[in-house]
Amino acid sequence: MKRKLDQMMGDTSEQERRIKRGVHEKLQTPVRKTSWPVLFVSAAIPAIALFLFFSLNPLNQLSSDEGPGTPYDPLDDLAQISALQKKKQLSDVDYESFSSMPHYDQVDGLYYVDYERFALKGSSYAFHTVIERKKDLYDDVVYKAGDVVRTMTSTTSHLPTYSDAYYEVLAVPGDRVVLKDGQLRINGKEVNSELMKHYEAESVTIAGGYDQLLNAREYFLLNHFPANNTVQGATITPVHKIYGQVVGTATEEQSDSMYLDYLTNRMETEYTPAQTFDLYMYDKLFGSNKLPQTPEFSQISRLGELFLEASYRQVLPITDEQVEVRYEYGREGVAEQVFQMGWDPSVGRWLVED
């Protein structure tokens, strides 16, 4: 029969398969249609997630501030600070604050006296601060936050320190310093010290711009005695530009020190070679030039560092009238410094030889 129908109508196999497929599909469970509320909720989920992310994260993730910004330009502040310094209006030293510090009857070794003389209420003596040069200053963290120090004039920071100002250590090697628009943070925390309270009370502005991790020989300094209503430069200063820490006071009338003898023109004592060597450097550093000129010293470019590096120094006898002053740093690649000194009977003291 099928063969006869195929002969009459042609092959109907394909048509039959289509009919069977249609019947099968109609007998299956109908597919559920998604309603518009479900579509709305599905679309809202990513938006809600973004809203929560930005609400919980205080930083604006899409802000252009994440990229390069406007760098700090020190020129205007530098000009203003330099002008104050030249007019002696940068600092207002409270010498009375030194009255509570220890008094030194003997000043020698790594200690010396500052060249500046001052008076204290209720005393007729002439005072000087006593400064301690630190041992192993290249090998240890030798200052801590809160220490008051003296400095050499330094231009390694974009705002220099000055040798006639007292500075306070705010941060030490390994600390992260962030200073922007006068706001100072160290290791992520706002600095809350007596110095900062004094700055706020006296309307003193902190100049500078840093976001920096201090290296193994850097300290962050700020003027300890700022004049009110001034701009003060916060500076990152290498350890070899810090004269030493203020540790006490000495008086010209009561204290025994070759430095006080030098400052008061009463150098009559027979000093040791090491003392005389220090005195030569002291003479050059503070510009008094009271000692005989020595060509050897005039050719030294790092005289201040040698003065501070006294703990690395040995004085070795060669003969009864000649010694060798040798700086030994104990570090590979760092050259030793060697000087010779001889006894001059005509002047009665040791002299640095050419």
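The values are calculated or read from the model by the stated rules, or taken from the named source; none is laboratory data. All of these numbers come straight from a predicted model, not from anything done at the bench. In this analysis, Cβ positions are derived from the backbone assuming ideal geometry, glycine residues included, and neighbour counts consider all displayed protein chains. Calculation scope for accessible area: heavy atoms of the full protein, side chains included, ligands and nucleic acids excluded. Shrake-Rupley method; radii C 1.70, N 1.55, O 1.52, S 1.80 Å.
Of the residues Ser301, Ser311, only one is more than 15 Å from Val352 (Cβ to Cβ) and either in contact with a strand residue (DSSP E or B) (Cβ under 8 Å, 6 or more places away or on another chain) or in contact (Cβ under 8 Å) with a residue 60 or more places away in the chain (or both); which?
After ruling out the rest, the residue left standing is Ser311.
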Practice prompt. Run Thr264 past the list (1) of a type outside the set (A, V, I, L, M, F, W, C); (2) within 29 Å of Asp136 (Cα to Cα); (3) at pLDDT 90 or above; (4) more than 32 Å from the chain's Cα centre (by Cα) and report the number of the one that doesn't hold.
Written response: (2)
Practice prompt. Go through the stretch 113-133 residue by residue and tally those that are touching a helix residue (DSSP H, G or I) at 6+ places or on another chain (Cβ under 8 Å), more than 25 Å from Gly330 (Cα to Cα) and either at pLDDT below 95 or surrounded by 13 or more Cβ atoms within 10 Å (Cβ to Cβ) (or both).
Written response: 8
Worksheet item: Restricting the stretch 255-291 to residues that are in contact with a strand residue (DSSP E or B) (Cβ under 9 Å, 6 or more places away or on another chain) and among the charged types (D, E, K, R), which is farthest from Arg313 (Cα to Cα)?
Response: Asp256
Worksheet, complete the sentence: So the strands (runs of 3 or more DSSP E) completely within the stretch 300-354 holding 1 or more residues that are open to solvent by less than 30 Å² (accessible area, probe 1.4 Å) are 322-327, 337-344, 349-352
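For the stretch 229-257, which residues satisfy the criterion of being farther than 29 Å from Lys86 by Cα and open to solvent by 20 Å² or more (accessible area, probe 1.4 Å)?
Glu253, Gln254, Asp256
Quick one: would you say Val93 is assigned to a loop (DSSP other than H, G, I, E, B), closer than 27 Å to Gly287 by Cβ, in contact with a Lys or Arg (Cβ under 6 Å, 6 or more places away or on another chain) and of a type in the set (Val, Ile, Thr)? Write out each step before concluding.
On the way: assigned to a loop (DSSP other than H, G, I, E, B): yes; closer than 27 Å to Gly287 by Cβ: yes; in contact with a Lys or Arg (Cβ under 6 Å, 6 or more places away or on another chain): no; of a type in the set (Val, Ile, Thr): yes.
Spelling it out, it is not the case that Val93 is assigned to a loop (DSSP other than H, G, I, E, B), closer than 27 Å to Gly287 by Cβ, in contact with a Lys or Arg (Cβ under 6 Å, 6 or more places away or on another chain) and of a type in the set (Val, Ile, Thr).
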Worksheet item: With (1) outside any loop (DSSP other than H, G, I, E, B); (2) touching a His at 6+ places or on another chain (Cβ under 8 Å) as the list, and Leu170 as the residue in question, which single condition is left unmet?
Response: (2)
Practice prompt. Can you run down the residue pairs with Cβ atoms below 7 Å, 6 or more apart or on separate chains, where the first is in the stretch 275-296 and closer than 17 Å to Tyr112 by Cα and among the hydroxyl-bearing types (Ser, Thr, Tyr) and the partner is open to solvent by less than 50 Å² (accessible area, probe 1.4 Å) and at pLDDT below 90?
Written response: Thr276/Trp350; Tyr280/Leu291; Tyr280/Thr294; Tyr280/Phe297; Tyr280/Val352
Worksheet, complete the sentence: Every listed condition ((1) closer than 18 Å to His240 by Cα; (2) in a loop (DSSP other than H, G, I, E, B)) holds for Ser124 save (1)
Discussion item. For the stretch 272-288, check the following and say yes or no: at least one residue is more than 20 Å from Tyr111 (Cα to Cα) and open to solvent by 10 Å² or more (accessible area, probe 1.4 Å).
Written reply: no
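Okay, residues lined up against (1) over 23 Å from the mean Cα position of the chain (by Cα); (2) charged (D, E, K, R):
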site	(1), (2)
Arg117	yes, yes
Ile131	no, no
Ser157	no, no
Pro160	no, no
Leu179	no, no
Lys189	no, yes
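Regarding the stretch 260-272, can at least one residue be identified that is under 25 Å from His103 (Cβ atoms) and in a strand (DSSP E or B)?
No: zero hits.
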Worksheet item: For the stretch 182-221, what are the residues that are at pLDDT below 95, of a type in the set (Gly, Ala, Ser) and touching a Lys or Arg at 6+ places or on another chain (Cβ under 8 Å)?
Response: Gly209
Worksheet, complete the sentence: Selection over the stretch 176-192 where residues are surrounded by 14 or more Cβ atoms within 10 Å (Cβ to Cβ), touching a residue at least 12 places away in the same chain (Cβ under 8 Å) and outside any loop (DSSP other than H, G, I, E, B) yields a count of 6
Worksheet entry | Selected residue (criterion: least open to solvent (accessible area, probe 1.4 Å)) from residues of the stretch 70-101 that are polar (S, T, N, Q) and without any contact (Cβ under 8 Å) to a residue 24 or more places away in the chain | Ser82
Worksheet item: Taking the stretch 134-163 on its own, how many of its residues are at pLDDT below 95, open to solvent by 60 Å² or more (accessible area, probe 1.4 Å) and either under 23 Å from Asp114 (Cα atoms) or in a strand (DSSP E or B) (or both)?
Response: 2
